[in-house]
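Worksheet: the structure to be examined is printed underneath.
Nothing in this text is a laboratory measurement; each read-out follows from the coordinates by a stated rule. Please read these numbers as outputs of a predicted model, since none were measured by experiment. Backbone-built Cβ (ideal geometry, glycine too); neighbour counts: all protein chains shown.
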Amino acid sequence: MTNSIAEIEDAACIFVIGSNTTACHPLIARRIFRAKEKGAKLVVADPRHIQLSRFADIAVTQRLGSDVALLNGMMHIIIKNGWHDTAYIEERTEEFDGFKTAIDNYAPDKVEAITGIAQADLEKMAELYATNSPAALLYAMGITQHTTGVDNVKSCCNLAMLCGNVGVRSGGVNPLRGQNNVQGACDMGGLPNVFPAYQPVAVEANNEKFAKAWGKELPDQIGYTITDMIQAMIDGKLKALFVIGENPKMSDPDQNHLEKALEKLDLLICQDIFLTETAERADVVFAAASVAEKDGTFTNTERRCMKVNKAIDPVGDALSDWEIISKLSTAMGYEMNYEGPEEIFKEITTVTPSYAGMTYERLGLDGLQWPCPNTEHPGTQFLHKDQFTRGKGLFHAIEYLDPAEMPDDEYPYFLTTGRMFAHYHTGTMSRVSPHLDIEQKTGYVEIHPEDADKLAVIDGDTVNLATRRGEIQVPARISNLVKPGLLFVPFHFAENAANILTNSAFDPIAKIPEYKVCAVKIEKAA
Amino acid sequence: MDYKMIPSVCSYCGTGCGVLFQVMDGKLTGTMPMKTHPVNEGKLCIKGWNLHEHVVSDKRLQTPLLKKDGQLQEATWDQAIQTTAGKLKAIIKDHGPDSVGVLASAKITNEENYLAQKFARAVIGTNNVDHCARL
């Protein structure tokens, strides 16, 4: 997030797109409700009628994968009415003219044809966002998990800059991270192209800095992303995979394809707190300590690095992940003899400029938000205050593109996937929790009453869902949350796994798969 | 009776709510919201209130496992670590460091992610390191 969670409640307008906030980030949704109580306008755009829509001043259900057209359409209306912030654009941004030329093509009638959003609704969305300042834009995987994920994010940024909402309190472009330490894993260099704090591996000075810190010559070629790794496994180039606290068999976009890739490995190492669907396939499984059994830090979606404290001893012989990695490293001939997480954290702060001012003592109970460059620095509540990280904010001219797969005669329905409120990710943690399991015991497919009628399906009937990748059987849930022609499957449940169906087509830059859109056929099971 | 409340952070999503783990005589018995925390101000969602339940699940892995005769069997740490190190070294020797991939995790701590990428880069010698942020 460019801004902070607490700031949301002082926004004059909140625009939520591609985030089912009440289900997936309930304590962020709370801030939206508090903002509403203080008089903020709420605009919601989601292909489903999510719970938040009921509280919105305007809520629309755009056609799946049409977000660029929707956002361009809003910006077209804003510019036409002169609601944009010309002083901000002049002073703080560049490439506005090229961007404006592209936007000229997105008149409301064209946008309605692509998105299905009535012109009057689009006008109202544009007016509410542009004329109530500051406006906070919130998004989640509904924006990113597309073959046009990067285009979608850039369009969100264009909109926020157009109205002068970046670098101001209670404004901003705010991705809501799905997992507890996505932010931290990225900050720490858990990516194939960068060291900690996003320092590119291919830049010689960075490479030298880390080689010196770690006492070892380091590779400067950019490595494989997870998407590339699976192809490299199929091609026989990747022979060993070390999986820490992840369950790709359930989270990869094409389970059948991943299965073939795993079969080709010489060595699969899994490190987890449970025997996941992936770990069942492993050659070695390391038993890891859980969140309550170790010290360390997590960094949340608003860049707040916070201390996690050991409450109990690990179960059985389980060890903390840092201890296991240290032992393996030492056995490989590179000594790692850390006394504990605090010593590792101190090393992190010496090579990670955005964390340089943090210590365990300073983190206290509240944590600190990066950038925190020195030990006097109070942390940073919102980014890009006087200038953008790159200097001037860059407008991008973005054209709408269809998703990789659209419904046709053979696969006539749209399918989208996501979470439901009681479960988390691949279900490894939440499905063994009695009070969460009882809320939802197995998967389901949401289907509109009209479509259910056509198929003679009643609530609870088992249906077959099939795509070009595979087929599952799942109970039907007749629901007005989806529109006719749209189906929704949660991805937490191995017995009717959404990722047997989803499309592994991915964004060319971010390499994120298109979990949110594919074409599917449905029939009542015999 | 020894009762403690240990401050920590919920690991169920990216919001990062402050929690207090309730520990009675060395056993984890509950999760409470932290009243003073800047993110959640004394509130939690259904997952947060039940955070301790997955920790005390009887399905937790308790020991390392090694595959023998096609079956995963309990092993000691020394066996598991030495066997893995031996196999990894052989694969690196035969196919080079870029034949190994490491998936760090959006679930583990910063310290552990830092070590995971350091392990990939400095120990294995590859930038084939990524994690499940996109998923």
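Work out the charge dipole of chain A with +1 on the Cβ of Lys and Arg and -1 on the Cβ of Asp and Glu about the Cα centre, then indicate which of A:Y88, A:P434, A:N174 is farthest towards its positive end.
The one lying farthest along the dipole's positive direction is A:Y88.
Given 10 °C and 1.306 mPa s, how large is the Stokes-Einstein diffusion coefficient of chain B in µm²/s, with Rh as the Kirkwood radius over Cα pairs?
Reported coefficient: 87 µm²/s.
Between the range B:10-85 and the range B:96-135, what's the alpha-carbon centroid distance in Å?
If we compute the Cα centre of each part, the gap is 21 Å.
Quick one: how many lysine pairs in the range A:413-524 have C-alpha atoms under 24 angstrom apart, if they're 8 or more apart or on different chains?
Here the count comes out as 9.
With r defined as the distance between the Cβ atoms of A:E471 and A:E376 and R0 fixed at 41 Å, what FRET efficiency is calculated, to the nearest 0.05?
Once the sixth-power term is evaluated, E becomes 0.10.
Apply 1/(1 + (r/R0)^6) to the Cβ-Cβ distance of A:V203 and B:D94, taking R0 = 35 Å, and write down the FRET efficiency to the nearest 0.05.
0.65
Once each part is reduced to its C-alpha centroid, what is the distance from the range A:210-268 to the range A:314-334 in angstrom?
About 20 Å separates the Cα centre of the range A:210-268 from the one of the range A:314-334.
Give the cross-link partners of A:K41 among the lysines, using a straight C-alpha distance below 17 Å as the criterion and excluding same-chain residues fewer than 8 apart.
Excluding near neighbours in sequence, the set is A:K124.
May I ask you to order B:11-23, B:84-96, A:21-33 by the average number of other C-beta atoms within 10 Å around their residues, highest value first?
In descending order of packing, they fall as B:11-23, A:21-33, B:84-96.
Would you work out if chain A is rounded, prolate or oblate? Take a ≥ b ≥ c from the square roots of the eigenvalues of the alpha-carbon gyration tensor; rounded if a/c is under 1.5, else prolate when a/b is larger than b/c, oblate otherwise.
In terms of gyration-tensor shape, oblate.
Sort the range A:413-524 into rounded, prolate or oblate with this rule: let a ≥ b ≥ c be the square roots of the eigenvalues of the Cα gyration tensor; rounded if a/c is under 1.5, and if a/c is not under 1.5, prolate when a/b is larger than b/c, oblate otherwise.
Oblate shape, in that a/c is at least 1.5 and b/c is the bigger or equal ratio.
Rank these for me by crowding, A:T131, B:T31, going from fewest to most other beta carbons within 10 Å.
So the residues, fewest neighbours to most, are A:T131, B:T31.
Exceeding 20 Å between C-alpha atoms, which entries from my cross-link table qualify? They are A:K327/B:K118; A:K346/B:K27; A:K38/A:K385; A:K327/B:K87; A:K216/B:K118.
Result: A:K346/B:K27; A:K38/A:K385 exceed 20 Å.
For the range A:88-123, state which GluC sites (Glu not before Pro) are in a DSSP loop and have at most 16 other beta carbons lying within 10 Å of their beta carbon.
Loop-located and lightly packed - A:E95.
Which aspartates and glutamates does A:K110 reach when only Cα atoms under 20 Å apart count, and residues fewer than 8 places away in its own chain are ignored?
A:D46, A:D67, A:D121, A:E123, A:E127, A:D151, A:E399, A:D402
With a 10 Å Cβ neighbour count serving as the proxy for reagent exposure, in which order, fewest first, do A:F345, A:F15 appear?
Starting with the residue having the fewest Cβ neighbours, the order is A:F345, A:F15.
By how many nm would the segment from A:T350 to A:A120 grow when fully extended, if each residue of separation counts as 0.36 nm and the alpha-carbon distance is taken off?
Additional length available on full extension: 77.4 nm.
Quantify how strongly other chains surround peptide A:246-254 by giving the mean number of their Cβ atoms within 10 Å of each of its Cβ atoms.
Mean number of neighbouring Cβ atoms from other chains: 3.
Among all the lysines, which ones have a C-alpha under 20 Å from A:K392's C-alpha, if same-chain residues fewer than 8 places away are not counted?
In chain and number order, the partners are A:K100, A:K154.
Over chain B, what is the relative contact order in whole percent, taking alpha-carbon pairs under 8 Å and six or more residues apart?
RCO, chain B: 13 percent.
May I ask you to derive the relative contact order of chain A, considering only C-alpha pairs under 8 Å and at least 6 residues apart, and to give it as an integer percent?
17 percent
How would you rank A:491-497, A:41-47, highest first, on the average number of other Cβ atoms within 10 Å across their residues?
So the order, starting with the most tightly packed, is A:41-47, A:491-497.
With a/c under 1.5 counting as rounded, go ahead and sort the range A:464-526 into rounded, prolate or oblate using the C-alpha gyration tensor (a ≥ b ≥ c being the square roots of the eigenvalues; past the cut-off, prolate if a/b is larger than b/c, else oblate).
Taking the square roots of the gyration eigenvalues as a ≥ b ≥ c, the range A:464-526 is prolate.
Taking beta carbons within 10 Å but only from partner chains, what does the mean come to for residues A:234-240?
6
About its Cα centre, what dipole magnitude does the range B:4-104 give when the only charges are +1 on Lys and Arg Cβ and -1 on Asp and Glu Cβ, stated in debye to the nearest 20?
120 debye
Describe numerically, in nm with one decimal, the distance between label points set 7 Å from Cα along Cα→Cβ at A:E450 and at A:A397.
3.9 nm
Please give the calculated 222 nm ellipticity per residue for chain A, where each DSSP H segment of at least 4 residues contributes -39500 (n - 2.57) and the sum is spread over every residue; nearest 500 deg cm²/dmol?
Estimated from H runs of four or more residues: -8500 deg cm²/dmol.
For the range A:380-390, what does the Karplus curve 6.51 cos²θ - 1.76 cosθ + 1.60, with θ = phi - 60°, yield as ³J(HN,Hα) per residue in whole Hz, taken in order and with x for Gly and Pro?
10, 6, 9, 8, 6, 4, 9, 8, 6, 3, 8
Computed FRET efficiency, Cβ-Cβ of A:D366 and A:E495, R0 56 Å: what is it to the nearest 0.05?
The calculated FRET efficiency here is 0.85.
For the range B:76-89, what does the Karplus curve 6.51 cos²θ - 1.76 cosθ + 1.60, with θ = phi - 60°, yield as ³J(HN,Hα) per residue in whole Hz, taken in order and with x for Gly and Pro?
7, 4, 4, 4, 5, 5, 5, 4, 5, 4, x, 5, 5, 4
How many angstrom separate the Cα center of the range A:460-499 from the Cα center of the range A:362-428?
About 26 Å separates the Cα centre of the range A:460-499 from the one of the range A:362-428.
Whole-Hz ³J(HN,Hα) for each residue in the range A:268-280, computed from phi via Karplus 6.51 cos²θ - 1.76 cosθ + 1.60 with θ = phi - 60°, x for glycine and proline: what do you get?
Along the range A:268-280, the couplings run 10, 10, 10, 10, 7, 8, 10, 7, 6, 4, 6, 4, 4 Hz.
Among A:F506, A:F298, which comes first, second and so on when ranked by fewest other beta-carbon atoms within 10 Å?
A:F506, A:F298
Given 0.36 nm per residue, what is the gain on full extension from A:E523 to A:E335 after removing their alpha carbon distance, in nm?
61.9 nm
With +1 on each Lys and Arg Cβ and -1 on each Asp and Glu Cβ, and nothing else charged, work out how big the dipole of the range A:105-253 is about its Cα centre, in Debye to the nearest 20.
400 debye
Nothing charged except the Cβ atoms of Lys and Arg (+1) and of Asp and Glu (-1): what's the magnitude of the dipole of the protein assembly as shown about its Cα centre? Round to the nearest 20 debye.
780 debye
Which listed residue (B:L115, A:T299, A:T389) has the Cα farthest towards the positive end of the charge dipole for the protein assembly as shown, taking +1 on Lys and Arg C-beta and -1 on Asp and Glu C-beta about the Cα centre?
Result: A:T299, furthest along the dipole toward the positive end.
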